[in-house]
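Participant: What follows is a structure written as structure tokens; I'll ask about it next.
The values are calculated or read from the model by the stated rules, or taken from the named source; none is laboratory data. Model, not experiment: these values are computed from the prediction. All Cβ positions, glycine included, derive from the backbone under ideal geometry; neighbour counts span all protein chains shown. Only protein heavy atoms, including side chains, enter the accessible area calculation; ligands, DNA and RNA are left aside. Shrake-Rupley method; radii C 1.70, N 1.55, O 1.52, S 1.80 Å.
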Amino acid sequence: MLEAATKVIEFGFNKMKLNRIEAPCMVENIQSQRVLQKMGMKLEGISREKYFIKGKYRDMAMYSVLRNEHLQN
């Protein structure tokens, strides 16, 4: 998963010339949060009860990485 997601980020910055890439994930999904962190993404905040998923409102963690941060890594 980490390798594929890293390729997507590289494509976004290098080919699409994006300045920012963001990714939400459920707060309770610790494994996804670790993958996002390993990709160099930073936690921006928590949106409380943002989406109704599997019969329940879920808190969502928002992660992002900026082009200049990605180039530094």
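Participant: If LEU71 satisfies every condition in (1) in contact with a strand residue (DSSP E or B) (Cβ under 9 Å, 6 or more places away or on another chain); (2) touching a residue at least 24 places away in the same chain (Cβ under 8 Å); (3) part of a helix (DSSP H, G or I) but one, which is the exception?
Facilitator: (1) is the only condition that LEU71 fails.
Participant: For region 1-41, which residues satisfy the criterion of being among the polar types (S, T, N, Q), closer than 18 Å to ARG67 by Cα and free of Cβ contacts under 8 Å to residues at least 12 places away in the same chain?
Facilitator: If the condition is that a residue be among the polar types (S, T, N, Q), closer than 18 Å to ARG67 by Cα and free of Cβ contacts under 8 Å to residues at least 12 places away in the same chain, then ASN14 is the only one that fits.
Participant: Any residue in region 54-68 that is farther than 9 Å from ARG20 by Cα and in contact (Cβ under 8 Å) with a residue 12 or more places away in the chain sitting within a Cβ distance under 6 Å of a residue that is of a type in the set (A, V, I, L, M) and open to solvent by less than 60 Å² (accessible area, probe 1.4 Å)? List the pairs, counting only those 6 or more apart or interchain.
Facilitator: From residues that are farther than 9 Å from ARG20 by Cα and in contact (Cβ under 8 Å) with a residue 12 or more places away in the chain, the pairs are ARG58/MET26; ASP59/VAL27; ALA61/VAL27; TYR63/ALA23; TYR63/LEU36; TYR63/MET41.
Participant: Which condition from (1) part of a strand (DSSP E or B); (2) at pLDDT below 95 is the one that VAL65 breaks?
Facilitator: (2)
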